[in-house]
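This report concerns only the one structure given below.
The values are calculated or read from the model by the stated rules, or taken from the named source; none is laboratory data. Model, not experiment: these values are computed from the prediction. Here the Cβ positions follow ideal geometry from the backbone for every residue, glycine too, while neighbour counts run over all protein chains shown. Just so you know, the surface numbers come from the protein's heavy atoms only, side chains and all, with ligands and any DNA or RNA stripped out. Shrake-Rupley method; radii C 1.70, N 1.55, O 1.52, S 1.80 Å.
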Amino acid sequence: MTSESPGRVVLLTASHRVAPGLLSWPAWRALGAADRVLCPDEDHPQLPYLREAGIAVEPLRPTAEELVAACAGGRTVLVLPSGEGDRALTDGLARLAGSGRVAMPDLELLPGSYDLPGARLLDLVQIMDRIRRSCPWSSRQTHRGLAKYAVEEAYELVEAIEDGDRRELREELGDVLLQVVFHARIAEEDPEEPFSVDDVAGTLVEKLILRHPHVFGDETAETPEEVREHWLRTKAVEKRRESVTDGVPVAQPGLALAAKLGGRARTAGLDVPPPAGDGIGYELLGLAVRAEAAGVDPEAALRAAARTYRDAIRAAEGLPPGA
């Protein structure tokens, strides 16, 4: 290149959600080929790894004019911005380019690393940690005190699903996820049996692999029914349960409890009809078991009927149907 060549600027970005030093091959190649490497942040997490690789990094925060001048003569200057970026520098380069009075170097934005799927969960864990340490309310919460919110958020999620509201569904899924992360953060502080969100995720991964031998093992399953059989069989072995009713939470809503018990008995091949008795409770029990056997969720069916009833009440009041 001639001395009149304006050169080249490379802005190298890296995701803070990827371990420092894990840069792409194009990024390492650009670092090795640059005439100068500048970094305005002396505490940038990539610096120790760059120096270990023999890359000379100058701790400078150039202005746009200084950067353009440094590229004169066909030189390549690579800038490693801070985690927050360098708005003043990029705005200055845009201003110079727009003026038409300066021979601008070629400008390349080079991503050195990319977020993997699920990377924003790392942000969530960090935010939850800070809230737990700094928020007067959150720092005092316990598993027991938060239990009611988990129930509420689960019902709000179900409502969003039944309403078909995609925006609400996305938000409610986040609220349910918050409960998981919040409880896991509290669990880290237990003096006797602490565990973290990584332990929670690790346990879940092991469970999913174990209960899907048709995906991760040598078993075969061609139908949803066969998958369910695999799931129940491996679950029974894991839990070492004596009864098919073990593990059914009796605190859940009555219709759901009755349907769950009926489903467990039916899946196990046990011919146990609902007990007969006087009162509405036994009638509801029989209806719930019948619904489950027919493939109907009695809770969802009753909610749908109740909404129709609600709208009928509102109509009698001269009001439009509810949301």
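Okay, here's what the table says:
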item	result
Accessible carbon and sulfur surface of the chain relative to its total accessible area, %, 1.4 Å	57
Angle between the chain longest axis and helix 166-187 axis [Cα atoms, degrees, rounded to 10]	90
17 Å tail of the calculated P(r), region 158-203, as % of Cα pairs	47
Region 1-93: GluC sites (Glu not before Pro) in DSSP loop, at most 13 other beta carbons within 10 Å	Glu4, Glu42, Glu84
Å² per residue, accessible surface of region 265-323 at 1.4 Å	72
For region 194-270: rounded, prolate or oblate by the Cα gyration tensor [a/c cutoff 1.5]	oblate
Sparse-neighbourhood loop sites, GluC sites (Glu not before Pro) in region 228-299 - DSSP loop, at most 13 other Cβ within 10 angstrom	Glu242
Overall dimensions of the chain by Cα: Rg and Dmax, Å	30.3, 99
Heavy-atom surface of region 103-250, accessible at 1.4 Å and reported per residue (Å²)	73
Restricting region 93-177 to chymotrypsin sites (Phe, Trp or Tyr not before Pro) in coil, as DSSP defines it, with at most 16 other Cβ within 10 Å	Tyr114, Trp137
222 nm mean residue ellipticity, helices alone, for the chain (DSSP H n ≥ 4; -39,500 (n - 2.57); rounded to 500)	-17000 deg cm²/dmol
Cα pair distances of region 1-72 binned at 10 Å [whole percent]	17, 50, 27, 6, 0
Relative contact order of region 126-257, defined on C-alpha pairs under 8 angstrom at six or more residues apart (%)	14
Exposed trypsin sites (Lys or Arg not before Pro) absent: longest stretch of the chain, with sites in DSSP loops and at most 16 other Cβ within 10 Å deemed exposed	102-239
15 Å Cα-Cα reach of Lys207 towards aspartates and glutamates, excluding residues that sit fewer than 8 places from it in its own chain	Asp198, Asp199, Glu238
Kirkwood Rh (inverse of mean 1/r, distinct Cα pairs), region 185-323, angstrom	18.8
Nearest 10 degrees, 0 to 90: helix 280-293 Cα axis against the chain principal axis	60
Reciprocal mean inverse distance between Cα atoms of region 146-256 - Kirkwood radius, Å	16.9
Helix 87-99 vs. the chain, principal-axis angle (Cα, 0 to 90°, nearest 10)	60
Hits among lysines - C-alpha to C-alpha of Lys260 under 16 Å, sequence gap 8 or more where chains match	Lys235
Rel. contact order, % - alpha carbon contacts under 8 angstrom, at least six apart, region 19-127	31
